[in-house]
Amino acid sequence: MSFPWANEYKPTSPLMQWVDQRLPLPRFVYNAVGGGYPVPRNLNYMWNFGILAGVALMLQIVTGVVLAMHYAANDKVAFDSVEHIMRDVNWGWMLRYAHANGASMFFIVVYTHIFRGFFYSSYKAPREMIWLLGVVIFLLMMATAFMGYVLPWGQMSFWGAKVITGLFSAIPLVGTPLQEWLLGGFAPDNAALNRFFSLHFLLPFVILGVIILHVWALHIPGSSNPTGVEVKQESDTVPFHPYYTAKDGFGLGLFLILYCALVFFAPNLLGHPDNYIPANPLSTPAHIVPEWYFWPFYAILRAFTADFMFIPAKLMGVLAMFSAILVWFFLPWLDTGPVRSGHYRPLFRKFFYLLVVDVLVLGYCGGAPAAEPYVMISQIASLYYFLHFLVILPIVSSIETPQPLPFSITEAVLGKDEHAVLSPTQPAVA
Amino acid sequence: MAEQASIASATVTGEEGVRRRDFINIAAVSVAGVGGLAALYPLISQMAPSADVLAESSTEIDISAIATGQAIKAVWRKQPVFIRNLTPEEIKKAEAVDVASLRDPQTLAERTTAGKTNWLITMGVCTHLGCVPLGAGEGEVKGEFGGYFCPCHGSSYDTAARIRKGPAPKNLEVPPHEFSSDTVVKIG
Amino acid sequence: MVRLFGPLVGLFFAVALLWSFGIGAYTAATDPSPPSAEALFVEHPKHVEFSFDSAFGTFDKAQLQRGFKVYQEVCSACHSLKQVAFRDLAALGYNEAEVKAIAKNWASKAQTFDPKTGDRGERPNLPADHFPAVYYAGQGVPPDLSLITKSRHGGAQYVHSLLTGYAEQVGYKNEKGQELLKMFPDAKTPDGLYFNPYFANLNLAMPAPLVSDDQVAYTDGTKATVEQMSKDVSAFLTWTAEPKLDKRKQTGWPVLGFLVFATALAYLAKRNVWADKH
């Protein structure tokens, strides 16, 4: 779909005309991320993160495929094969650090993308499907990242695999058989490592497929924008190319600077020292933590310390942890207010910032040892997390009085001027 | 890249501005292209032999246990090497051949170390398509010229491991080697 | 439906959390868990400076050679270095002949196995060989040292602190002046273990390895104090854990410089493109 004023793909060279008639792939690209896709003209830098997430995935796939040429998924040699990459393979150290830190960068970008969606209510009609697919992508990413972290077969790999698959054992009746089925054994060993490698290689391509659906769904209503007001007229939009390709190019530069600073100057900053100790099934590290991007959810898991009614604490924690993400699937129907953008929702905005702080607190507690005061803090923070999505949002969206919206995107950009029309000869009023 | 933008701005800023802007846009895209190409280098380079593989590019072999007339298969760079202790008859046979008549003309002396012509050291890789010829192992067929015989396509090598018959174009390759002592040879 | 069940689910989790919180708070108030000896007496690593600390810092090869000597003469009796190959020592500034000699003269030999006879034997190490395995029959399990600085919080500083941090346990006080054995009589170091406040549980099986000056004979004129030997071997073990550190930083600066330049250009290009839309 597109707006009626979208540019049409008109190949000038005979070769491109020939291709276009037989396989309109360039036309498809032109309409998707080229001059043929009209985009609201007022997108701010928060709208860079979708493209950046795509770039991060490609970086992971490229570095990952290359690492797989040298890695050996066998519990006896996996750890040494990673060290072989770090020491002997040409540029192996860089490729591995790029892959490990690339995962962190991917999550930084995707978390920003998600919270942008929270603030601007990007999940609201008619964009529910984009949001739902996005949550699916996030779940797949978490699975992929978890299995990737197991592959070096260090202490954290091993005990992470044990703890995370142990979550499934909390499920009544089928739990333990399910855990043994997942691992192909009673504890993580060669069978688990091999299947995790296989799936870790596969899932990124599944993610890529869901991303294509995500972008497809995006192109039905077109991109949202910071005012939350839908596009009304041609002056509300600019073609994706060159406007947003240029803006994304700049954003990509900043992303790569941060990424390379990590890879070359602090490659182990976000990792855990224990993963440089080979896996030892007979000795547990003093303090098992997952990678930082799982910390908020890990804090929720650990917040349930007491059996509740007939539900054991362990099962409660697992239920809550999965619910913490599953609840995002229901967001479009929990927050039903007519206004999208947080800029025009004063009450919602306050709770949004509280949620940001809350998730940061959860993250901090998730990375801290399971001791007081962190457990009690994460209990309070988890409490707010669930109340925010399941109780506060429905109430706020029914009771709050939004601030007046601009008439159109053009008005929001150029100011409220009856005569303000976009034209190159008339200087714009900021 | 930024055609629309620069055309639109042309009316405002005139020719000068357009050229400067075009230059920056072209420069930005070119620099990005250079960066992308540079990033390919490690991705390609990683497939070249790694440091541990290169470290094993030479190997030392004890030849004290090889009696006259016997041969062993050693491994050098993950490929078989034949080390043969030639008998005087084999040496005589090899030297009797008219070198000019050979497909790949070489004398035995050119293929061995001076003073140690009885030690014939060659790759165990047929120069046709890379099979391992027979003849080094105990009781293996040596072919009609008494050297090596490749079962894949029937190449026959003589007692100096020179190609005499069959599809192979070259003599069995002599790897670079030197005798560290009377009993140890270093290959590579 | 969602707006009906959503709040109910939310309240369910909220009540469960309050329940956990209440029980936790009650336990904390009535039966507080006592502080552990480890929490009060394990020290953070000392602050020592190394040549490779900063973003521009590189290894000091002379120091790495001294550190290697310490490893060879002191640590290697019990600790292996299996991720490192003799050929890697070329990075410390040794030439090919020296590397070959180090490998050949290394005390423990490479293991061989003859599949024809089943005989096990030994041969001198070659440059391509990794450092041989070390079998230690005494108390404790000496860890492989290849990655020790990367597998411990504090890295080289931790190793240095541990090597120089052995203390007399009787009468030991922390910075706050609390005395360990008075507060925790049970924490007395068992026989065969040694007290060290830099170790995670205060007691380790390794006796102080560096005990006297000139324990290792340095040949480059550096005074071999315990402090110096400890720093040198910590630097050496940083190299064994991260041999590509120098190359990493040397690659990083041009890459960052290029990216800053390219990003600045991208910013200008972006401004050009948007010039008529703001």
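The values are calculated or read from the model by the stated rules, or taken from the named source; none is laboratory data. All values reported here derive from a predicted model rather than from experimental measurement. Backbone-built Cβ (ideal geometry, glycine too); neighbour counts: all protein chains shown. Areas reflect the complete protein model, heavy atoms only, side chains present, ligands, DNA and RNA absent. Shrake-Rupley method; radii C 1.70, N 1.55, O 1.52, S 1.80 Å.
General remarks:
- Shown in residue order for segment A:319-326 are the 3J(HN,Hα) couplings computed by the Karplus curve 6.51 cos²θ - 1.76 cosθ + 1.60 at θ = phi - 60°: 4, 5, 4, 5, 5, 4, 8, 4 Hz (x for Gly and Pro).
- Under-5 Å amide H pairs with A:TYR120, H placed in peptide plane, nonlocal only: A:GLY342
- Surface composition of the protein assembly as shown: carbon and sulfur atoms hold 65% of the protein heavy-atom accessible area at a 1.4 Å probe.
- Interface burial for A against B (accessible surface, 1.4 Å probe, total of both chains, Å², rounded to 100): 1400 Å²
- Under 5 Å between amide hydrogens, built in the peptide plane, is the criterion, and for B:GLY166 it picks out B:SER156 among residues at least 5 positions away or on other chains.
- For the protein assembly as shown, accessible area per residue (1.4 Å probe, heavy atoms of protein chains only), Å²: 48 Å²
- Alpha carbon convex hull of the protein assembly as shown, projected area averaged over orientations, nm²: 52.0 nm²
- For chain B, the relative contact order works out to 18 percent when only alpha carbon pairs closer than 8 Å and six or more residues apart are counted.
- Per-residue ³J(HN,Hα) for segment A:181-192, Karplus 6.51 cos²θ - 1.76 cosθ + 1.60, θ = phi - 60°, Hz, x for Gly and Pro: 5, 4, 8, x, x, 8, 8, x, 8, 4, 4, 5
- Counting only alpha carbon atoms, the long axis of helix B:3-45 and the longest principal axis of chain B meet at about 20°.
- The interface between chain C and chain A buries about 5200 Å² of solvent-accessible area in total (1.4 Å probe, ligands and nucleic acids excluded).
- Note on C:TYR194 and C:SER108: their simple-model spin labels are 1.9 nm apart, each label 7 Å out from Cα toward Cβ.
- Once the Kirkwood radius over Cα pairs is known for segment B:89-128, the Stokes-Einstein relation at 20 °C and 1.002 mPa s delivers a diffusion coefficient of 190 µm²/s.
- Computed on the Cα atoms alone, the convex hull of segment A:296-403 gives a volume of 99 cubic angstrom per residue.
- For segment A:309-315, the Karplus equation 6.51 cos²θ - 1.76 cosθ + 1.60, evaluated at θ = phi - 60°, returns couplings of 6, 9, 9, x, 4, 4, 5 Hz by residue, with Gly and Pro reported as x.
- Taking amide hydrogens as placed 1.01 Å from N in the peptide plane, the amide H of B:LEU134 sits under 5 Å from those of B:PHE149, B:CYS150, each at least 5 positions away in sequence or on another chain.
- Taking Cα atoms only, the orientation of helix A:49-68 departs from the longest principal axis of chain A by about 40 degrees.
- Taking 4 °C and 1.567 mPa s as conditions, segment B:53-187 diffuses translationally at an estimated 88 µm²/s according to Stokes-Einstein applied to its Kirkwood radius (Cα pairs).
- The distance separating the Cα centre of segment A:295-354 from that of segment B:21-81 comes to 52 Å.
- Taking label positions 7 Å along the Cα-Cβ direction at both A:ILE171 and B:SER58, the computed distance is 6.1 nm, reported to one decimal.
- Folded to 0 to 90 degrees: helix A:92-119 orientation relative to chain A principal axis, Cα: 50 degrees
- Cysteines without a disulfide-compatible partner [the protein assembly as shown; Cβ-Cβ under 4.7 Å]: A:CYS260, A:CYS365, C:CYS75, C:CYS78
- Inter-site label distance for A:ASN74 and A:LEU269 at 7 Å from Cα along Cβ, in nm: 3.8 nm
- For chain A, the equivalent ellipsoid derived from the alpha-carbon gyration tensor has semi-axes of 41, 29, 18 Å in decreasing order.
- Buried surface for the C/B pair, taken as the accessible area of each chain alone minus that of the pair with a 1.4 Å probe, is close to 1200 Å² in total.
- With 10 Å bins from 0: P(r) over chain C, alpha-carbon pairs, percent: 6, 19, 22, 17, 14, 13, 8, 2, 0
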